[in-house]
Amino acid sequence: MFYVVNPKGSFLAGYLQSGERESIMFEGQLIQGEPKITRRLESADRTSHEAWEYLCLMVTEARADGYRDMPIDTSKLQVPADLYQEEFPLALRGVYARVKAMTSDQFSAGVARLKAVHEVTCAGVEVVGDDKYVELRLGAVTITFGFVPDRLWENMTTKARELCEARGMLGDNLLLPDGRGLFHLQTRESALDLYVRAFLQGAMKAGAVIELSSDHAWSFSVATPFNAAEVENLQWYQETPGLLSSILKLDQTIPVPVTQVVSAVDFYC
């Protein structure tokens, strides 16, 4: 069962009953704390497993659009007792970074830390980055995030810019010019998680204000993001624990960069 709400009070509530192959999603609005359902969405699949995966996909899209998870018992909705549930699909797992404030220098510090980690791990990840943009590639998986390009922002209508500023986010993993936004970083518990941790540590140590959540059991400490206790349940660590030791050796000899600005360049192992 999922229940997510956005800042304007719109909600999505979704579930899949045991033994069924049809996921149910309600859209609605909270009015004076009371839920008013405006639309019911149904999706039939071949198996309960496929229906569950589709439901999880819809939830990731809502979370990436600014919806936050809320306890279902706060919804006042009628919930079936016999619900079907699996683990969140690995292919959909990721991290949501709600950026409250970030400057280009703070972004650069994140990229600098990411580059330093990349140079000692060589985990098959390709990195393209500068002080306003990063692209990470691992096989067929790509993560991109950064500031909105000046030309794109300037070409938007005044109304569109005003709506984005009022909402506090633009979408598409792009920050507003004032440094606010939401990054949806689909790491799939792969080595990309290392790079996301490195970037977050560098940016947050430099002063960026970021709130973090995830689709799965995931934890993060700015002081020790690569502590084994933070990552031991993630797939990349269970398959290649040696990646962690290379980063810990780096930190014993080189301090975490904070203000270094990285020029536009491609990094490959």
### Query
Can you find even one residue in the range 91-112 that is hydroxyl-bearing (Ser, Thr, Tyr), assigned to a loop (DSSP other than H, G, I, E, B) and in contact (Cβ under 8 Å) with a residue 24 or more places away in the chain?
yes
Tell me, yes or no, whether the range 174-181 has at least one residue that is open to solvent by less than 30 Å² (accessible area, probe 1.4 Å) and not in a strand (DSSP E or B).
-> yes
Subset of the range 63-73, residues within 9 Å of residue 2 (Cβ to Cβ) and not in a helix (DSSP H, G or I), comes to 69
Report yes if some residue within the range 55-62 is at pLDDT 95 or above, touching a Ser or Thr at 6+ places or on another chain (Cβ under 7 Å), over 30 Å from residue 248 (Cβ atoms) and in a helix (DSSP H, G or I); otherwise report no. yes
- Test result for residue 165, within 23 Å of residue 60 (Cα to Cα) and part of a helix (DSSP H, G or I): yes
Scanning the range 57-86 residue by residue, those farther than 19 Å from residue 35 by Cβ, touching a residue at least 60 places away in the same chain (Cβ under 8 Å) and either among the hydrophobic types (A, V, I, L, M, F, W, C) or loosely packed, with under 15 Cβ neighbours inside 10 Å (or both) turn out to be 64, 82, 85
Could you say whether any residue in the range 149-162 is closer than 25 Å to residue 69 by Cβ, touching a residue at least 24 places away in the same chain (Cβ under 8 Å) and open to solvent by less than 40 Å² (accessible area, probe 1.4 Å)? no
- Task: Considering every residue within the range 130-143, establish whether at least one is open to solvent by 30 Å² or more (accessible area, probe 1.4 Å), closer than 28 Å to residue 195 by Cα and assigned to a helix (DSSP H, G or I).
- Result: no
Worksheet entry | Flag for residue 185 being open to solvent by less than 30 Å² (accessible area, probe 1.4 Å), touching a residue at least 24 places away in the same chain (Cβ under 8 Å), in contact with a Phe, Trp or Tyr (Cβ under 9 Å, 6 or more places away or on another chain) and within 20 Å of residue 126 (Cβ to Cβ) | yes
* Is there a residue in the range 156-175 that is more than 14 Å from the chain's Cα centre (by Cα), under 16 Å from residue 97 (Cα atoms) and of a type outside the set (A, V, I, L, M)? -> yes
Taking the range 208-217 and the residues there that are part of a loop (DSSP other than H, G, I, E, B) and open to solvent by less than 40 Å² (accessible area, probe 1.4 Å), the one that is nearest to residue 105 (Cα to Cα) would be 208
Going through the range 1-46 in order, the residues found to be touching a residue at least 24 places away in the same chain (Cβ under 8 Å) and of a type in the set (Asp, Glu) are 20, 22, 34, 45
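The values are calculated or read from the model by the stated rules, or taken from the named source; none is laboratory data. Only a predicted model underlies this, so the values are computations on that prediction, with no experimental measurement involved. Here Cβ is always computed from backbone atoms with ideal geometry, including for glycine, and neighbour counts include all displayed protein chains. Just the protein is used for accessible areas: all its heavy atoms, side chains included, with ligands, DNA and RNA removed. Shrake-Rupley method; radii C 1.70, N 1.55, O 1.52, S 1.80 Å.
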